[in-house]
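Inspection log for the structure reproduced underneath, given as structure tokens.
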């Protein structure tokens, strides 16, 4: 399966030891992003597919680590330094207008497409079809993507940009609880005074918190000396407050530096986002491994993009993208800011999104830490099939389900 030929840009199940026990924590370790590990096919097939597996790892890396971009485009743009030097002097409304104008002037990239890019999904399907044909199989068991027989996943995340956003958190949390959701809130740890009592109240209600870098000043990934200076401070503050996840401010990122951090998971990448200061995307609507971390790309368009850059009502795009991801059995991961969607008409739009997500009855509603733990466990599981009877071994296998590939939305 040559790379050039692979990029073409467009229910029976068996329960294993039925239990809803929580996943046991696992030692942080890197997993594999190859196609065999993605599908989690019967373990005794691995040797027969060795060459195909090796090739798939390289092709997955091409997408997941944004290697289709020039090297200089996989790091924050140098022009951002001048912007951050004067950012604090520009009123927010003016900044939004300037950013919107800059987006309109930016050269349009043909890849990855927005808001839906299927290149990696198409490759996973092609790899599976060719592999099954090589093994003279028309269908097979695999380990389902999500625990407890769920067919997709929903993860709600927020970046809290300012004290205004913090003041709106409880109102949004109340709304999410009304629809039986819990979310994760990412906080910049040196940008404004954080109300840690509020944080603890929300934690007691089942919400989660992560580190949104230190400040939106562009320094963290500006240079290696800046990163070397700031990373220990970030990690010390994150440990102090029990924050195990990271999202880079403004999603400015250098993947090879992120892997030097000791967080359990990262949320700094998108599946496709041409509108961020550092555009790109992993083309993935599923988690994957970024060295020892689990990467949870945000897969839904940001509210900031839709409201301030494109001047569009968010719900139309949100509804379409959520339905598309759900139809693939993927991970719907939102990135909504209480600063922008925490009140008024935009809060109503967010409630409409929650209503739609609430209708996805076969979706696993999870916090980022839970998805990270599950993806690590699933990576370490092994599937064996004796006759027509599959069995799964490994950590977390009490929540794993063996499913026929033909029953997966992604295969259909």
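The values are calculated or read from the model by the stated rules, or taken from the named source; none is laboratory data. This one's a predicted model, so the numbers in the text were calculated from it and none came from an experiment. Note that each Cβ is placed from the backbone with ideal geometry, even for glycine, and that neighbours are counted across all protein chains shown.
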Practice prompt. Name the residue, out of 139, 148, that is assigned to a loop (DSSP other than H, G, I, E, B), in contact with a helix residue (DSSP H, G or I) (Cβ under 6 Å, 6 or more places away or on another chain) and closer than 30 Å to residue 44 by Cβ.
Written response: 139
Item to complete: Would you mind finding the one in 301, 338, 287, 279 that is over 22 Å from residue 216 (Cβ atoms) and in contact with a strand residue (DSSP E or B) (Cβ under 8 Å, 6 or more places away or on another chain)?
Response: 287
Response to the item:
Scanning the stretch 278-303 residue by residue, those assigned to a loop (DSSP other than H, G, I, E, B) and touching a helix residue (DSSP H, G or I) at 6+ places or on another chain (Cβ under 7 Å) turn out to be 278, 282, 283, 284, 285, 287, 296, 299, 300, 301
Practice prompt. Starting from the stretch 93-122, take each residue that is on the phi < 0 side of the Ramachandran plot and list its partners that are surrounded by 15 or more Cβ atoms within 10 Å (Cβ to Cβ) and at pLDDT below 70, counting only C-beta distances under 7 angstrom and pairs at least six apart or across chains.
Written response: 119/7
Fill in: Enumeration of residues in the stretch 311-337 that are closer than 19 Å to residue 362 by Cβ, touching a helix residue (DSSP H, G or I) at 6+ places or on another chain (Cβ under 7 Å) and in a helix (DSSP H, G or I)
319, 322, 328
Worksheet item: For residue 139, are the conditions met, namely being surrounded by fewer than 20 Cβ atoms within 10 Å (Cβ to Cβ), touching a strand residue (DSSP E or B) at 6+ places or on another chain (Cβ under 8 Å), over 30 Å from residue 244 (Cβ atoms) and modelled with pLDDT of 95 or more?
Response: yes
Discussion item. Here's a check for you: in the stretch 338-386, which residue that is assigned to a strand (DSSP E or B) and within 21 Å of the chain's Cα centre (by Cα) is farthest from residue 212 (Cα to Cα)?
Written reply: 363
Discussion item. All but one of (1) part of a loop (DSSP other than H, G, I, E, B); (2) in contact with a strand residue (DSSP E or B) (Cβ under 9 Å, 6 or more places away or on another chain); (3) farther than 29 Å from residue 268 by Cβ hold for residue 391; state the number of the condition that does not hold.
Written reply: (1)
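Yes/no per residue for (1) modelled with pLDDT under 95; (2) surrounded by fewer than 17 Cβ atoms within 10 Å (Cβ to Cβ); (3) part of a strand (DSSP E or B); (4) under 26 Å from the mean Cα position of the chain (by Cα):
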site: 5; (1), (2), (3), (4): yes, yes, no, no
site: 8; (1), (2), (3), (4): yes, yes, no, yes
site: 24; (1), (2), (3), (4): yes, yes, no, yes
site: 27; (1), (2), (3), (4): yes, yes, no, yes
site: 33; (1), (2), (3), (4): no, no, no, yes
site: 36; (1), (2), (3), (4): no, no, no, yes
site: 44; (1), (2), (3), (4): no, yes, no, no
site: 53; (1), (2), (3), (4): no, no, no, yes
site: 59; (1), (2), (3), (4): no, no, no, yes
Fill in: Residue list for the stretch 368-389, filter: buried (at least 22 other Cβ atoms within 10 Å of the Cβ) and farther than 30 Å from residue 247 by Cβ
383
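For every residue, the table says whether it meets (1) buried (at least 23 other Cβ atoms within 10 Å of the Cβ); (2) more than 23 Å from residue 109 (Cβ to Cβ).
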| residue | (1), (2) |
| --- | --- |
| 236 | no, yes |
| 240 | no, yes |
| 246 | yes, yes |
| 256 | no, no |
| 267 | yes, no |
| 277 | no, no |
